[in-house]
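Below: the structure, in structure tokens.
Computed from the coordinates by the stated procedures, all read-outs in this text should not be read as laboratory data. The structure presented is a predicted model; accordingly, all values stated were derived computationally and were not measured. FYI the Cβ positions are ideal-geometry reconstructions off the backbone, even for glycines, and counts take in every protein chain you see.
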Amino acid sequence: MIMPPLVKAYFDPQPGFRVPSSFELAEVLDRILGQWAYLSAVPSGKPSAGPVPFALEFSVRLCGPVNGCLNLRASRAFAEDLAFAATGDLNAAGDAEDAFQELCNLLASQLIRDFFGGTHETFERFLPMPSTPGIWPVENPNSECLALIEKHPLEIRLWIELAARERA
Amino acid sequence: MNLTTTILLIEDSNTVRGFLRRIFQSAMPEATIIEAVEGRQALQAMTRCKADLIISDLQMPGMDGRSFIAKLRSNSLLKKKNVLVLSSDNIDDLLELYRDDKGIAFLNKPSTSADIVSAARALLATSSTSFSTCQ
């Protein structure tokens, strides 16, 4: 009998909590895009100081051993390309928002695994929600990056409060 | 009637379903692929089609993946169905609950197409038969 494989990531020792650097955010994004949509992300510094209008913005609230907010912003053209790249379906443009929301979900999950205690800690279930710069935390993000995917810019901002663990 | 391997995809995201459909159409072109967006719809589909392999997300509107798997395992006709759980959720509870169940495997989301196909083939290899009927 062949044993079904299990995923190593669930059993490997996880690193301690820490805030990913700008480069690490882009690296995680690149890994996800490569596995899921055969795309790559190139780190291109930090997002511009003021909020630039983007058609699509989603935020994920993280509640658990660390609390925080992950925010992704990009153009609809990027999301349409993402939907096509993931599915190979020329008619996938209608699922652009769904593709972008899934990307947020995957990025949040991977950051939890890589930086915030993996699956050994309990995080509340989360769902990426549409957002606007008006509801961002007032503080500057703890980490942020601008990535270029093909010709499309994508902004990632991450606010993290590690205090829950550090105070204990 | 169609005599092929049948794969049931349960996933609420159109994009992820499209991704899975694409990789299985490429890796197993002989397979019949049926789709559902949540557990209840999947159970209805299984009354028409005897899926050899079920690939399921966990977080879904309607009947979620955990409830679907529990329903499956409590049904005498369906309890031996192979399930590949593909989720970004914390699955520690499921690993414990189904630790002795050789018909369930787990993969992180995202996983490479090679890992997904490999896990699917391994599960199908545990089946006594690889042929099913779809009406």
5 Å is the cut-off here: which amide hydrogens, built 1.01 Å from N in the peptide plane, fall below it relative to B:Phe106, excluding neighbours closer than 5 in sequence?
A:Val7, B:Val85
Scan around A:Ser40 for amide H atoms under 5 Å from its own, H built in the peptide plane at 1.01 Å from N, and keep only partners 5 or more places away or cross-chain.
A:Glu150
For the pair B:Lys80 and B:Glu96, the simple spin-label estimate (label points 7 Å beyond Cα toward Cβ) gives in nm 3.0
Hand me the GluC sites (Glu not before Pro) from segment B:1-89 located in a DSSP loop with no more than 16 other Cβ atoms within 10 Å, in residue order please.
B:Glu30
What are the extents of the Cα atoms of chain B along their three principal axes, listed from largest to smallest and rounded to whole Å?
38, 33, 27
Mind giving me the FRET efficiency for B:Thr47 and A:Phe17? R0 is 41 Å, r the Cβ-Cβ distance, nearest 0.05 is fine.
0.30
Burial ordering of A:Trp136, A:Trp36, fewest other beta-carbon atoms within 10 Å first:
A:Trp136, A:Trp36
Flagged links, alpha-carbon separation over 21 Å, of B:Lys50/B:Lys71; B:Lys79/B:Lys109; B:Lys80/B:Lys109; B:Lys81/B:Lys102; A:Lys151/B:Lys109
B:Lys79/B:Lys109; B:Lys80/B:Lys109; A:Lys151/B:Lys109
Count charges around A:Pro43 for me, please; just the other residues with Cβ under 10 Å from its Cβ, Lys/Arg as +1, Asp/Glu as -1.
-2
Where chymotrypsin sites (Phe, Trp or Tyr not before Pro) fall in DSSP loop in segment B:55-135, at most 12 other Cβ within 10 Å:
B:Phe131
Between B:Ser127 and B:Ala70, 0.36 nm times their residue separation minus their Cα-Cα distance comes to what?
18.6 nm
